[in-house]
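The values are calculated or read from the model by the stated rules, or taken from the named source; none is laboratory data. Note that the structure is a prediction, hence the values are computed from the model and not measured. Counting neighbours? That spans all protein chains shown, and the Cβs are built from the backbone with ideal geometry, glycine included. Just so you know, the surface numbers come from the protein's heavy atoms only, side chains and all, with ligands and any DNA or RNA stripped out. Shrake-Rupley method; radii C 1.70, N 1.55, O 1.52, S 1.80 Å.
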Amino acid sequence: MEFIGSQIKIVQYKEDYRPQLEAFELTDRQKIYSSLPLEVLDEGLFDPNRRPCVVLNHDEQVVGFFVLHQHYQHEGYDTPVNAVYVRSLSINNKLQGQGYGTEIMMNIPEFAQSVFPNFDHLFLVVDAENQGAWNLYERAGFMHLATNPNGPIGKERLYYLDLDANYVSKLRLVQDGDNIKLLKDDKEVGTIDLDVVGNIATLKAMDITEDVDVIRENVLRQIATFVRKHFKEVIKIEVEVPENLRDVYLNNNFVPMDAEHPNHLTKLIRY
């Protein structure tokens, strides 16, 4: 199985890649959050439920590594038995800063489905202090499901992506002056009307020109990360939704804060 993207190729491990994994580098801080590939590789090779995976650039350099682990149960969380976890994800420090991490996360869901076609649930766990990582996961469509305050090195966050849901891996939210454009494969497919006053961002409207339900779903997955990045003072997003769309927003971590106004929903984005 392999995935070929604009900058990367994701493949299952073979021994030809071991020398490059031996030279794989992480900073001391990165080692707090992830293991070096060789520390988990052999265990993965001898476990039929694990698939060590390598990410290459188009020069055949190893830029990343992760393990897909079926039937895994992470301590502290009750997740389905028929699930796949992304574990030990890391980017070679020598090759960071070139956009590889974003493309990896955007395409891991498709690759995981090719490796485990009978699984619909994809999970990963990230240390809560590693905000750069979980911002990336949210931008790639993963939803924050739970927080465990007592992880191995402190507070950690559980993320989930439904592989059976409508999913657009190439959707981006882009600030363009006062407008927010929706780009799918670099083609504009809509805009967002977001009104920011003080520490509250109000989602006034989405104007979507194609695949409306799919695009809307993916906007709601990504919008918290987008607002955190572009509007530092904002702590929550509010929206007034029609009754027929209420469940869509509720499924993406928007919640009613006032029982008398059940369709006025709020999403907290600083936590």
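Numbers below:
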item: Student exercise, the chain dipole from Lys, Arg, Asp, Glu Cβ charges, in Debye to nearest 20; result: 540
item: Fluctuation leader among Gly151, Gly190, Gly132 - the chain, Gaussian network, Cα springs under 10 angstrom; result: Gly132
item: Residue-normalised accessible area of the chain, given per residue in Å² at a 1.4 Å probe; result: 49
item: Sulfur and carbon atoms: percent of accessible area, region 171-268 [1.4 Å]; result: 47
item: GNM result for the chain, Cα springs below 10 Å: residue of Ile32, Ile223, Ile215 fluctuating most strongly; result: Ile32
item: In order through region 184-198: 3J(HN,Hα) via Karplus (6.51 cos²θ - 1.76 cosθ + 1.60), integer Hz, x for Gly, Pro; result: 10, 6, 6, 9, 6, 10, x, 9, 10, 9, 10, 9, 9, 10, x
item: Tensor-based shape of region 2-162 (alpha-carbon gyration tensor, a/c under 1.5 rounded, otherwise prolate or oblate); result: rounded
item: Prolate/oblate/rounded call for region 107-196, Cα gyration tensor, a/c under 1.5 rounded; result: oblate
item: [x] 145; [y] 188; [z] 118, with the label sought being that of the calculated volume of the Cα convex hull per residue in Å³; result: [x]
item: Surface accessible to a 1.4 Å probe, Lys187 within the full protein complex, Å²; result: 110
item: Sum of side-chain charges, Arg157 neighbourhood, beta-carbon under 12 Å (Lys, Arg +1; Asp, Glu -1); result: -3
item: Proximal charge balance of Gln175 [Cβ under 12 Å; K/R count +1, D/E count -1]; result: +1
item: For region 171-268: rounded, prolate or oblate by the Cα gyration tensor [a/c cutoff 1.5]; result: oblate
item: Candidate residues Met106, Met257, Met206: accessible-area rank, largest first, probe 1.4 Å; result: Met257, Met206, Met106
item: Helix-only CD estimate at 222 nm, as mean residue ellipticity for the chain, using -39500 (n - 2.57) per DSSP H run (n ≥ 4); result: -7500 deg cm²/dmol
item: Most fluctuating residue given options Asp16, Asp42, Asp120, as computed from a GNM of the chain linking Cα atoms under 10 Å; result: Asp16
item: Mean-position separation - Cα centroids, region 181-212 and region 111-144, in angstrom; result: 23
item: Charged-residue dipole, Cβ positions (Lys, Arg, Asp, Glu), region 171-268 about Cα centre, Debye nearest 20; result: 500
item: Carbon plus sulfur fraction of accessible area for region 1-147, probe 1.4 Å, in percent; result: 46
